[in-house]
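The values are calculated or read from the model by the stated rules, or taken from the named source; none is laboratory data. This one's a predicted model, so the numbers in the text were calculated from it and none came from an experiment. Cβ sites come from the backbone with ideal geometry, for glycine too, and all protein chains shown count toward neighbours.
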Amino acid sequence: MKKIEIRKPDDFHIHLRQGDLLRMTVPHCSAYYARAIVMPNTIPPVDSVSTMEEYRRQINKIDPGFEPLMTFKLLKNMAEDEIRSLKKAGAIAGKLYPAGATTNSADGITDWRDIAGLLKVMEEEGLILSIHGEDPSVFSLDREKAYIPEILEICRNFPDLRVVFEHLSSAEGVEAVKEGPDNLAGTITVHHLLLTLDDVIGGALNPHNFCKPVLKGPEDRKAIQDVVLEGNGKFFFGSDSAPHSSDKKLQGAAGAYTAPVTLLLLADFFDEKGKLDLLENFTSRFGAEFYGIPLNREKITLTEKSWTMPDKYGDVVPFFASKKINWTVKNQSINQESL
Ligand SMILES: [Zn+2]
């Protein structure tokens with residue numbers, strides 16, 4: 001039975017949601033990850049010290065041992081002082097959503113130049129700028145590509161601002177980060193690493209694999225896989241795990257609930273490619289180094305042992321529902337029936 005012990009990973013992009021969903025997502029995340037960059041597109045959004053502190057309190061109440069890395073949503077009418085206060089209160093990153101790009105983003109930013117003053121303060125304060133890099137005004141499969149010049153211009157205008165191009169989905173996006181300036185990095189999800197658009201529309205429609213940015217073609221997936229297998233330090237793991245109830249999914253909500261299985265699928269991916277030794281850097285080192293936070297000391301052991309993913313957690317159909325998973329982690333509640 002194959003086994004690997006790695007430094008406990010971090011998830012550099014997750015949607016933990018609120019209420020009942022939060023009670024499900026936090027334990028699923030903390031079973032594998034010591035820390036996670038918690039996205040702020042809640043209702044209402046995390047856009048002030050008080051909303052951020054309240055959200056952190058709710059997360060800590062569920063699992064005091066888990067460390068949420070708090071972010072805020074950049075809004076056009078935000079005061080520069082609020083950014084400074086958010087930093088003082090422990091925020092690590094601000095998220096830029098182009099208006100209308102994804103879930104709860106109608107109040108997003110139409111043109112980043114409208115918030116140039118806020119970006120300047122973020123640069124001064126050493127905050128990370130996290131970007132959903134899609135231009136919602138163009139054809140769906142070209143949205144990421146269309147936003148690349150904007151991201152590069154932000155990097156040029158704010159050379160000391162560290163920028164994360166989130167959930168890369170296209171060969172062009174990967175290339176832009178790879179060849180781009182040192183203050184630019186990118187996160188990669190498990191679903192963009194493993195799937196293509198055919199996993200949504202290639203057979204019967206599978207709404208549970210529908211996410212934003214939309215999954216793309218085989219060449220895009222190959223570019224994502226290649227850069228991960230090169231062990232390039234500008235690319236690190238961010239799940240973008242984003243649960244919706246089955247009802248909402250069937251009404252068209254974008255997002256895959258991957259948290260219960262991301263690390264196990266990553267182990268499987270690297271193992272299949274004969275590069276299991278690269279798993280730790282991708283999940284537990286490169287992201288922390290870019291964010292400038294200490295590496296986790298705790299370890300986690302993954303064992304090659306198969307089990308079957310449940311078809312549902314509560315009212316949420318998870319990623320890889322009812323499928324065989326080849327790896328497991330000791331002492332975790334998600335798949336304990338198989339241990
Ligand atoms: Zn996201």
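State all residues of region 234-249 that are among the charged types (D, E, K, R) and either under 14 Å from the mean Cα position of the chain (by Cα) or farther than 20 Å from residue 215 by Cα (or both); if no residue qualifies, say none. If you could, list the steps in order and put the result at the bottom.
Here is the first cut: in region 234-249, the residues among the charged types (D, E, K, R) are 234, 240, 247-249.
Scanning region 234-249 gives 234, 240, 247.
Determine, yes or no, whether residue 208 is assigned to a loop (DSSP other than H, G, I, E, B), under 19 Å from the mean Cα position of the chain (by Cα), closer than 24 Å to residue 31 by Cβ and not polar (S, T, N, Q). Walk me through it before giving the result.
Working: assigned to a loop (DSSP other than H, G, I, E, B): no; under 19 Å from the mean Cα position of the chain (by Cα): yes; closer than 24 Å to residue 31 by Cβ: yes; not polar (S, T, N, Q): yes.
The answer is no for residue 208.
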Subset of region 213-222 [surrounded by 20 or more Cβ atoms within 10 Å (Cβ to Cβ) and either in contact with a Gly (Cβ under 9 Å, 6 or more places away or on another chain) or not in a loop (DSSP other than H, G, I, E, B) (or both)] | 213, 220, 221
Name the residue, out of 295, 266, 278, that is in a loop (DSSP other than H, G, I, E, B) and away from the ligand (no atom under 16 Å from the Cβ).
-> 295
Considering only region 277-301, how many residues are closer than 15 Å to residue 327 by Cα and either without any contact (Cβ under 8 Å) to a residue 24 or more places away in the chain or more than 21 Å from the chain's Cα centre (by Cα) (or both)?
-> 1
Would it be correct to say that residue 159 is exposed (fewer than 14 other Cβ atoms within 10 Å of the Cβ) and assigned to a helix (DSSP H, G or I)?
-> no
Pair list, Cβ < 6 Å and 6+ apart or interchain, from region 1-29 residues that are within 14 Å of residue 260 (Cβ to Cβ) and of a type in the set (Val, Ile, Thr) to residues that are part of a strand (DSSP E or B) and within 16 Å of the ligand (Cβ to nearest atom) = 14/36; 14/241
Looking only at helices (runs of 4 or more DSSP H) that fall completely inside region 1-108, which ones have 3 or more residues that are within 16 Å of the ligand (Cβ to nearest atom)?
-> 19-30
So residue 253 clears everything in (1) touching a His at 6+ places or on another chain (Cβ under 9 Å); (2) in a helix (DSSP H, G or I) except one condition, right? Which one?
-> (2)
Test residue 244 against the stated conditions and say whether it is touching a Ser or Thr at 6+ places or on another chain (Cβ under 9 Å) and outside any helix (DSSP H, G or I).
-> yes
Out of (1) of a type outside the set (Phe, Trp, Tyr); (2) under 19 Å from the mean Cα position of the chain (by Cα); (3) at pLDDT below 95, the one residue 252 does not meet is (2)
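Search region 94-112 for residues being of a type outside the set (Val, Ile, Thr) and touching a helix residue (DSSP H, G or I) at 6+ places or on another chain (Cβ under 8 Å), and hand back the single one that is nearest to residue 290 (Cα to Cα).
Of all residues in region 94-112, those of a type outside the set (Val, Ile, Thr) come to 94-101, 104-108, 111-112.
Okay, now just the ones that are also touching a helix residue (DSSP H, G or I) at 6+ places or on another chain (Cβ under 8 Å), so 94, 96, 98, 101, 112.
Working: 94: 15, 96: 18, 98: 23, 101: 25, 112: 22 Å.
By that ranking, first place goes to 94.
Does any residue of region 161-184 turn out to be more than 21 Å from residue 233 (Cβ to Cβ), within 16 Å of the ligand (Cβ to nearest atom) and modelled with pLDDT of 95 or more? Don't jump to the end; show me each part of the working.
The first filter runs over region 161-184 and keeps only residues more than 21 Å from residue 233 (Cβ to Cβ), leaving none.
No: zero hits.
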Among (1) in contact (Cβ under 8 Å) with a residue 24 or more places away in the chain; (2) more than 16 Å from the ligand (Cβ to nearest atom); (3) more than 18 Å from residue 234 (Cβ to Cβ); (4) assigned to a loop (DSSP other than H, G, I, E, B), where does residue 115 come up short?
-> (4)
Report, by residue number, each residue of region 218-255 that is charged (D, E, K, R) and in contact (Cβ under 8 Å) with a residue 60 or more places away in the chain.
-> 240, 247, 249
May I ask you to verify whether residue 144 is crowded, with 19+ Cβ neighbours inside 10 Å and in contact with a Gly (Cβ under 6 Å, 6 or more places away or on another chain)?
-> yes
